[in-house]
Amino acid sequence: NNLPISIVFLPAKDIATYVGEGDVDLGITGEDCVAESDVSVKVLMALGIGKCNLSVQAPKDSGLNAASLAGKRIVTSFPVITQKYFAELEKPGNPTHIKCISGSVEAACGLGLADGIVDLVETGTTMRAAGLEEVSVVMKSQAVLIMNPHSKHPELCEVIRRRLAGYLTAQRWVMVSYNVHRDHLKKAESITPGKRSPSVQPLEDKNWVAVAALVPKSEAASIMDELENV
């Protein structure tokens, strides 16, 4: 609320283009969308959410792989990435026939439109329901913060990046504090090394110290169990 910014909601696939070629300074979109847009943007940080694979998929038990699909019919909503990928596998004079559709890509093989597809896979549930299997990973993707390389507000962009990084740290890490005998400090520090280093403070009893360290939130319970045994 205290920053001079305007927030605009755009389709994920359009964001990289607006950031790279328009007047938008920052954007959040998937790495797959950045690659598909084929524009120049600066990736400031990975956000660790929306993780998935952009994969080549073929009918289950068909025996097809990425190399054998080169030169055949491929349906995708990522034609730029797909063209570049199969160009390296094609034999001279036998180009891959790539058709772009915007949705229901997984139905293309079953409905006779394609021999294989290139589509996003997160859990694989939709892929398996369509009778497909992953035969090759074209690229791994997750949400990223991107910046216009020609932004007129680089200082403000850095402030936003730092705030977002701080928020993500707060979501993923938790502070643990405990007292430990100096004889066991090294072992305790190996269990809680922190993001950079644990904070160690002396106590009134010179044989004991207070330790504070950031630990991954998902591992906090098991780490505390380990500390109990120190």
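Kindly provide the set of residues from region 176-186 that are loosely packed, with under 13 Cβ neighbours inside 10 Å and touching a strand residue (DSSP E or B) at 6+ places or on another chain (Cβ under 8 Å), ordered by number.
S177, N179, H181
Scan region 140-155 for residues that are surrounded by fewer than 15 Cβ atoms within 10 Å (Cβ to Cβ) and touching a strand residue (DSSP E or B) at 6+ places or on another chain (Cβ under 9 Å) and jot them down.
K140, Q142, P149, P154
Collect the residues in region 8-36 that are of a type in the set (V, I, T) and closer than 10 Å to V144 by Cβ, keeping them in residue-number order.
I28, T29, V34, listed by residue number.
Given E36, E90, E21, E31, which one is buried (at least 19 other Cβ atoms within 10 Å of the Cβ) and more than 27 Å from G166 (Cα to Cα)?
Being buried (at least 19 other Cβ atoms within 10 Å of the Cβ) and more than 27 Å from G166 (Cα to Cα) holds for just one of E36, E90, E21, E31, which is E36.
Identify, from the list N94, N2, the residue that is polar (S, T, N, Q) and over 29 Å from P149 (Cα atoms).
Result of the check over N94, N2: N94.
Residues are listed down the side, and each one gets a yes or a no for (1) at positive phi; (2) touching a residue at least 24 places away in the same chain (Cβ under 8 Å); (3) hydroxyl-bearing (S, T, Y); (4) in a helix (DSSP H, G or I):
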{"site": "V19", "(1), (2), (3), (4)": "no, yes, no, yes"}
{"site": "G50", "(1), (2), (3), (4)": "yes, yes, no, no"}
{"site": "Q57", "(1), (2), (3), (4)": "no, yes, no, no"}
{"site": "L64", "(1), (2), (3), (4)": "no, yes, no, no"}
{"site": "A67", "(1), (2), (3), (4)": "no, no, no, yes"}
{"site": "T82", "(1), (2), (3), (4)": "no, yes, yes, yes"}
{"site": "E106", "(1), (2), (3), (4)": "no, yes, no, yes"}
{"site": "C109", "(1), (2), (3), (4)": "no, yes, no, no"}
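Suppose the filter is more than 28 Å from D14 (Cα to Cα) and touching a residue at least 60 places away in the same chain (Cβ under 8 Å); does R182 pass it?
no
From the list G71, G103, which residue is in contact with a Lys or Arg (Cβ under 7 Å, 6 or more places away or on another chain) and assigned by TED's automatic domain parsing to the domain that holds A129?
Numbers: G103 fails: in contact with a Lys or Arg (Cβ under 7 Å, 6 or more places away or on another chain).
Being in contact with a Lys or Arg (Cβ under 7 Å, 6 or more places away or on another chain) and assigned by TED's automatic domain parsing to the domain that holds A129 holds for just one of G71, G103, which is G71.
Quick test of your reading of the structure: S102 fulfils all but one of (1) surrounded by 12 or more Cβ atoms within 10 Å (Cβ to Cβ); (2) at pLDDT below 95. Name the failing condition by number.
All conditions are met except number (1).
Given the criterion within 30 Å of N2 (Cα to Cα) and among the β-branched types (V, I, T), identify the matching residue among V211, V174.
Exactly one of V211, V174 is within 30 Å of N2 (Cα to Cα) and among the β-branched types (V, I, T), namely V174.
Look through E158, E134 and report the one residue that is surrounded by fewer than 17 Cβ atoms within 10 Å (Cβ to Cβ) and assigned by TED's automatic domain parsing to the domain that holds A67.
Answer to the selection: E134.
Restrict the check to region 187-194 and report whether at least one residue is surrounded by 13 or more Cβ atoms within 10 Å (Cβ to Cβ), hydroxyl-bearing (S, T, Y) and not in a strand (DSSP E or B).
yes
Condition first: more than 26 Å from S40 (Cβ to Cβ) and in contact (Cβ under 8 Å) with a residue 60 or more places away in the chain. Now tell me which residues in region 129-165 satisfy that.
G131, L132, E133, E134, V135, S136
The values are calculated or read from the model by the stated rules, or taken from the named source; none is laboratory data. What you see is a predicted model; the values in this text were computed from it and never measured. In this analysis, Cβ positions are derived from the backbone assuming ideal geometry, glycine residues included, and neighbour counts consider all displayed protein chains.
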